[in-house]
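Here, each number is a calculation from the coordinates, and none is a lab measurement. Everything quoted here is computed from the prediction, not taken from an experiment. Cβ placement follows ideal geometry from the backbone for every residue including glycine, while neighbour counts extend to all protein chains displayed.
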Amino acid sequence: MEQPMTTKPVTINLDELQETPLRDGLLADAAWQADLDYCMTCGRCLSVCPLHGYSDFDPRKVVRKVLLGMEEEVIASESIFQCTGCDRCSYVCPMGVKISALITRARSLRPRDQVPGGSQKTADHHRTIGNNMAIGEEDWLDTVDWMKEEVQEDIPDLDFPIDKEGADYFVTINSKLPQFYPMELQCIYKIFHAAGVDWTLPTNWWEGTNYAMFSGDLDTWEFTLRQQVNKVEELGCKTLVYTECGHGYYATLAGYRKFGIHPKFNVIHQVSLYAQWMREGRFKVDPSRNPQRITLHDPCNVARKAVMEGFGHIMDDSRYVIERVCNDFVEMWPNRENNLCCSGGGGALISGFVEARMHYGKGKVEQVDRTGADIVCTPCVNCQDGMAELAKDYKRDWRAMHLWALLANSLVFENPPMDLSPGKGTE
Amino acid sequence: MTIIQVNDKKITLDEDGYLRDFTQWFPEVAEALANREGIAELSAEHLEVIHFIRGYYERHRVAPMVHFVSKETGKSFRELHRLFSKQPGKRAAKLAGLPRATGCS
């Protein structure tokens, strides 16, 4: 069977490569600028690390090992894949050491067949077929139409073109939607329809995530970004819309910078569009359709990591929207750039380290519990599953939902609102 | 990693409760997996869906899209939802002995 074992011990032998590829790679890459020499071992990184208390992982030790030339040990350690890439460490580092860059670089030096779990296989699918779940073009278009026909029963004039040249918005989708959660597509259709904008779904390169960044496959990360850029430019679309995904948007912007890609179009996160359209008065919403108590989980990649990359406004945009589509919004604490990871970030969700995930998800569960919320809204497909698995494991009643589901449900068309009681809704 | 016993056979599950080896599957394994997922009993309807998914996986080495499952078994998405509760595509694939899907799943 092809499913890899995660417990197999890993041996790394760097002799055939350069002597210190990890450190050299970090220093040579202007986008990463991670000079480990600045580390003064103060330990702020460890104090905020979700792995703290689970294993003996300590970001300071990783830095020391690399400085002392013990790179093989770092590259072979399980911890580099248990890390959820939440980047709280880099955020609090007084010396600006980018620990996450170090982790990504370490992952990239693992032989591809020794990457635990399914993240490399996901990246391979993305590279060869154009999306994470190996969905063929015909099947993709079939599902897109299937869901369109269903929405048209309620909203007959809803329609949109495929591969429209010169469209204002080229919209990306997470492959999990057509694969497993097609009903969620309806929410996205409704929102774009209600906004009355010129948008299109492409036939290929529509994937709105990038697992190559998680698996450390830098080559595939760049390759898939360039393929998507080519597709958008080929169609001549004006704006690439990144779906409600944390890391996809981050991997795109950070990747463009890292690999020196300069697209001819704009890139925007879908949540920012909701806020923009709401400000422009394009939506008629009825917040009473979402009567539950709702809290918001900020995905690390569009909160803390985004702040460090200079696009932290998404946190404000999501709040602007959520406060207008329900009547009982409560913040969880800490939030925004100080949030805690959903437990599934950085590829951890499919890396097989379930025990580690449940350990560091405990703080997240307590955060949600304190709000008394029925629904945890999170504009990220990965966080959504991370939260759902926490709810299942810790036997909690709250549910995780996308912002698109809440927004679409509050939109006033002639259609009846969805039933969001437990067991119903969009999943 | 977990080992469960079904009909005197030892079945290995991975950390997420998915079958480690697709070929170890037989119908009673689906029953055992269903119980772990909170589904008390598998009906003929459940098994029809599960067998379709296994056949598809044998041919393509990936899980079928839920639309395909719906179209080929003649069951609407709502019916699949009723049978397998939430996340029907994902859960039915798990009961059919498929490994965890790639991507944010």
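Rounded to the nearest 20 Debye, what is the dipole magnitude of region A:170-245 about its Cα centre when Lys and Arg each give +1 and Asp and Glu each give -1 at the C-beta?
The dipole magnitude comes to about 240 debye.
Within region A:124-183, which chymotrypsin sites (Phe, Trp or Tyr not before Pro) sit in a loop by DSSP and count at most 15 neighbouring Cβ atoms inside 10 Å? Present the calculation step by step, with values, prior to reporting the outcome.
Details: sites: A:TRP140, A:TRP146, A:TYR169, A:PHE170, A:PHE180; in loops: A:PHE180.
Passing sites in region A:124-183 do not exist.
On average, how many beta carbons from a partner chain sit within 10 Å of the beta carbon of a residue in B:92-102? Show your work: numbers first, answer last.
Numbers: counts 1, 2, 0, 0, 0, 0, 1, 6, 6, 11, 19.
Other-chain Cβ atoms within 10 Å of each residue's Cβ, averaged: 4.
So how strong a dipole does region A:21-110 carry about its Cα centre when Lys and Arg Cβ are +1 and Asp and Glu Cβ are -1, to the nearest 20 debye?
Working: 11 positive and 11 negative charges, 39 e Å.
Value, rounded to 20: 180 debye.
Percent relative contact order of region A:21-110, based on C-alpha pairs within less than 8 angstrom and at least six residues apart?
Values: 97 pairs, mean separation 35.4, N = 90.
This gives 39 percent for region A:21-110.
Which lysines, on any chain, are close to A:LYS284 with Cα under 20 Å apart, when same-chain ones fewer than 8 places away are left out?
A:LYS190
Rounded to the nearest Å, what's the spacing between the alpha carbon centres of region B:70-100 and region A:260-327? Just the number, please.
Answer, in whole Å: 32.
On a straight-distance basis, which aspartates and glutamates could pair with A:LYS98 in a cross-link, Cα separation under 19 angstrom, same-chain partners fewer than 8 positions away excluded?
A:ASP24, A:ASP29, A:ASP35, A:ASP37, A:ASP58, A:GLU71, A:ASP87, A:ASP217, A:GLU309, A:GLU337
So who's got an amide H within less than 5 Å of the one on A:CYS377, skipping anything under 5 residues away but keeping other chains? H placed 1.01 Å off N, in plane.
Those lying under 5 Å, H to H, from A:CYS377 are A:THR295, A:LEU296, A:HIS297, A:MET401.
Just to check I understand the Karplus step: with θ = phi - 60° and J = 6.51 cos²θ - 1.76 cosθ + 1.60, what whole-Hz values come out for region A:306-316, glycine and proline as x?
Whole-Hz 3J(HN,Hα) from phi for region A:306-316: 5, 4, 5, 9, x, 10, x, 5, 4, 4, 6.
Quote the charge dipole size of region B:2-95 about the Cα centre in Debye, to the nearest 20; the model charges only the Cβ of Lys and Arg (+1) and of Asp and Glu (-1).
Values: 15 positive and 14 negative charges, 71 e Å.
With Lys and Arg at +1 and Asp and Glu at -1, about 340 debye.
Tell me the relative contact order for chain B as a rounded percent, counting alpha carbon contacts under 8 Å between residues six or more apart. Don't jump to the answer; show the numbers that get you there.
On the way: 117 pairs, mean separation 30.8, N = 105.
Here the relative contact order equals 29 percent.
Distance from the Cα centre of region A:64-96 to that of region A:132-152, in angstrom?
Going from one Cα centre to the other spans 41 Å.
Which residue, A:SER55, B:HIS81, A:VAL354, has the largest displacement toward the positive end of the dipole of the protein assembly as shown when charges sit on each Cβ (Lys, Arg +1; Asp, Glu -1)?
The one lying farthest along the dipole's positive direction is A:SER55.
Do any trypsin sites (Lys or Arg not before Pro) in region A:222-296 lie in a loop, going by DSSP, with at most 16 other beta-carbon atoms within 10 Å of their beta carbon, and if so which?
Values: sites: A:ARG226, A:LYS231, A:LYS238, A:ARG257, A:LYS258, A:LYS264, A:ARG279, A:ARG282, A:LYS284, A:ARG289, A:ARG293; in loops: A:LYS238, A:LYS264, A:ARG282, A:LYS284, A:ARG293.
Qualifying residues, ordered by number: A:LYS238, A:LYS264, A:ARG282, A:LYS284, A:ARG293.
Amide H of A:VAL267: which non-local residues (sequence gap of 5 or more, or other chain) have their own amide H closer than 5 Å, using H built in the peptide plane?
A:LEU240
Name the residue from A:LEU177, A:ALA408, A:LEU14 whose Cα lies farthest towards the positive end of the charge dipole of chain A, charges +1 on Cβ of Lys and Arg and -1 on Cβ of Asp and Glu.
Result: A:LEU14.
Which whole-Hz ³J(HN,Hα) couplings does region A:233-245 yield from phi under the Karplus relation 6.51 cos²θ - 1.76 cosθ + 1.60, θ = phi - 60°, glycine and proline marked x?
After applying 6.51 cos²θ - 1.76 cosθ + 1.60, I find 6, 4, 7, x, 6, 8, 9, 8, 9, 8, 5, 5, 9 Hz.
Would you mind counting up the charge near A:GLY312? Only other residues with Cβ under 11 Å from its Cβ, with Lys and Arg at +1 and Asp and Glu at -1. Numbers along the way, then the final one.
On the way: positive: A:ARG304, A:LYS305, A:ARG336; negative: A:ASP298, A:GLU309, A:ASP316, A:ASP317, A:GLU337.
Around A:GLY312, the charge tally is -2.
Taking loop as defined by DSSP and a crowding limit of 12 other beta carbons within 10 Å, which GluC sites (Glu not before Pro) in region B:1-83 fit? Don't skip to the answer; put the middle values down first.
Working: sites: B:GLU15, B:GLU28, B:GLU31, B:GLU37, B:GLU41, B:GLU45, B:GLU48, B:GLU58, B:GLU72, B:GLU79; in loops: B:GLU15, B:GLU37, B:GLU41.
Sparse-neighbourhood loop GluC sites (Glu not before Pro): B:GLU41.
As I understand it, the dipole of region A:44-183 uses +1 on the Cβ of Lys and Arg and -1 on the Cβ of Asp and Glu, about the Cα centre. Which of A:GLN114, A:CYS83, A:LEU46 lies farthest toward its positive end?
A:LEU46
Skipping prolines and chain starts, which residues have an amide H placed within reach, meaning under 5 Å, of the one on A:PHE311, given they are 5 or more residues away or on another chain?
Result for A:PHE311 returns nothing.
Quick one: 3J(HN,Hα) in Hz for region A:61-66, Karplus 6.51/-1.76/1.60 with θ = phi - 60°, rounded, Gly and Pro as x.
Those phi angles translate into 5, 4, 4, 4, 4, 5 Hz.
Around A:HIS52, with a cut-off of 13 angstrom between Cβ atoms, what is the net charge of the other residues, counting Lys and Arg +1 and Asp and Glu -1? Please list the in-between numbers first.
On the way: positive: A:ARG44, A:ARG60, A:LYS61, A:ARG88, A:LYS362; negative: A:ASP56, A:ASP58.
Neighbourhood net charge equals +3.
What does the charge count near A:GLY260 come to, summing +1 for each Lys or Arg and -1 for each Asp or Glu among other residues with Cβ under 14 Å from its Cβ? Present the calculation step by step, with values, prior to reporting the outcome.
On the way: positive: A:ARG226, A:ARG257, A:LYS258; negative: A:ASP29, A:GLU222.
Here the count lands on +1.
Let me have the relative contact order for chain A, percent, based on Cα pairs under 8 Å that are six or more residues apart.
Numbers: 747 pairs, mean separation 71.3, N = 427.
Rounded, it is 17 percent for chain A.
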